[in-house]
Structures are given as C-alpha cells and as structure tokens.
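Input: a single structure, listed below in structure tokens.
The values are calculated or read from the model by the stated rules, or taken from the named source; none is laboratory data. Given the structure is predicted, the values throughout are model-derived calculations rather than measurements. Glycine gets a Cβ as well: all are built from the backbone with ideal geometry, and neighbour counts include every protein chain shown. These accessible areas exclude ligands, DNA and RNA; they are computed on the full protein's heavy atoms, side chains included. Shrake-Rupley method; radii C 1.70, N 1.55, O 1.52, S 1.80 Å.
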Amino acid sequence: MEMEEIIEKLKDILASEGQTRIKAMDIAKALNIHPDTFNSMKFRNSIPYKQILNFLEQRKININYFFFGSSPKESLECEEKYRILKLYKTNASLGGGGINEFVEYQEIVVDNTLLNFFQSQNCEWITSFGESMEPVIKDGSICVIDKTKPFKDKGIYVINTREGLFIKQVFKQQNGVILHSFNPAFKDIFYNNGDFLIIGAVIGEIRRIHSTH
C-alpha cells in the first residue's frame, strides 16, 4: 500500500468524525507527527506504522480492516496480534557503525506469532554483512537481537567497537573479550574492557534461500 492511499483512508476516518477540508497537516496532527516530518515521509513514501497503529487503536479500528479490507471479526485486536519493531539500516558483522539514536532504522509490523517463535517480544533487527559467521549466519541475513538477555560466555552478540559493529561469538577473558568468527578464514579479535559495548544477544536469523537452478 502506498502512502497516498493511506492518507486517503485516514482522511475518510477523520471526515467520519466530522472534520472538513482535511489537509496533510490535519493528518499529521492526528498521528502526532510534526507536519514537516510528515511531509518528508509522504515524499519518501515512508509509512509511519507505529503512529497509524496508535491512531487505529484509539478508535478501535482493526489493522487488517484498515490495510487489507478484511473483517475485524476475522482477527484479534491489532495490539494483541502485531508489534512495531526496528530494522536498523546499518550492517553488522565486518563493521559498519554502531547502533545509537543517530542510526537510521525502518519500523516494520511483525506478527506476534513470529516473536513467540523467537521467545522475545522486545527484539530489534539488523542486517548482517560479510562471510565471517558462515555457515551459521549467512551474508545478508536479518539477525534478531534481544537487548534484555544477560551476557553469557560463548554466546553470539552484536558488539559495538571503535572499528564498527560486529556480530561474533564472544569469549569472556579476565581483562576483555575475544570476538570469534565461525568461518576459519577470519582471525579472532581481542578487545580490552572499556573498548567494546555489548548491544544485545543474537537470538535468531531470517534468511532467503537461493535457488541452485
């Protein structure tokens, strides 16, 4: 669904509530988005899923009905079935920048069935890059990160360093950590305490299967 189509649907909802001559700034206000930000999202065709879900929930409008036209009786309430998660646009594994408030991300709607499979309701996602963790984690896969998991020796983590962001198996040492790659072509890397930051545990991976034909 394109942003323009969503805007028209939002206009219809606001019109049903008695508003007239509805403009982009009225929709931005209803979504609690700054008008300049909303115009930028409209130009980039970037859909503000989180704000739309809040808008729909306040009015008891089912998400499936809004986006797909299905009957509200055919699915659960939107907040019970879906969550908004962050897919960071930085790459990880062989470096590429750390996760912080300045890193661009995309908000995606995820069914809770998938989150239940990963046994995490507050995870975030990031795209891996490179072959250092193959065959376990493939180049281009989306890794599922849980920031609430306690740090355990030999676990797989997203680690922020001065050299960039890595996805590695982490071995605890007395004065630091060793970042280990599953691919034997890559050497281990040692970081002293204070020179790295554990972002979160990698609890899953989503990948495409490439046909051999």
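With the condition kept exactly as written, say whether any residue in the range 173-190 is part of a loop (DSSP other than H, G, I, E, B), β-branched (Val, Ile, Thr) and open to solvent by 40 Å² or more (accessible area, probe 1.4 Å). For the range 173-190, residues part of a loop (DSSP other than H, G, I, E, B), β-branched (Val, Ile, Thr) and open to solvent by 40 Å² or more (accessible area, probe 1.4 Å): absent. Take the conditions (1) modelled with pLDDT of 90 or more; (2) within 18 Å of the chain's Cα centre (by Cα); (3) open to solvent by less than 40 Å² (accessible area, probe 1.4 Å); Gln169 misses just one of them, which is (2). Go through the range 121-139 and give me each residue that's assigned to a loop (DSSP other than H, G, I, E, B), surrounded by 15 or more Cβ atoms within 10 Å (Cβ to Cβ) and not hydroxyl-bearing (Ser, Thr, Tyr). Residues satisfying the conditions are Cys123, Phe129, Gly130, Glu131, Met133, Glu134, Ile137, Lys138, Asp139.
Considering the range 1-25 alone, what residues qualify as being of a type in the set (D, E, K, R) and closer than 25 Å to Asn64 by Cβ? Before the answer, list the steps.
Within the range 1-25, the first condition is being of a type in the set (D, E, K, R), and the residues that meet it are 2, 4-5, 8-9, 11-12, 17, 21, 23.
Once the filter is applied, which keeps residues that are of a type in the set (D, E, K, R) and closer than 25 Å to Asn64 by Cβ, the range 1-25 yields Glu2, Glu4, Glu5, Glu8, Lys9, Lys11, Asp12, Glu17.
Evaluate the range 89-105: report whether one residue or more is at pLDDT 70 or above and open to solvent by less than 80 Å² (accessible area, probe 1.4 Å). No, the range 89-105 has no match at all.
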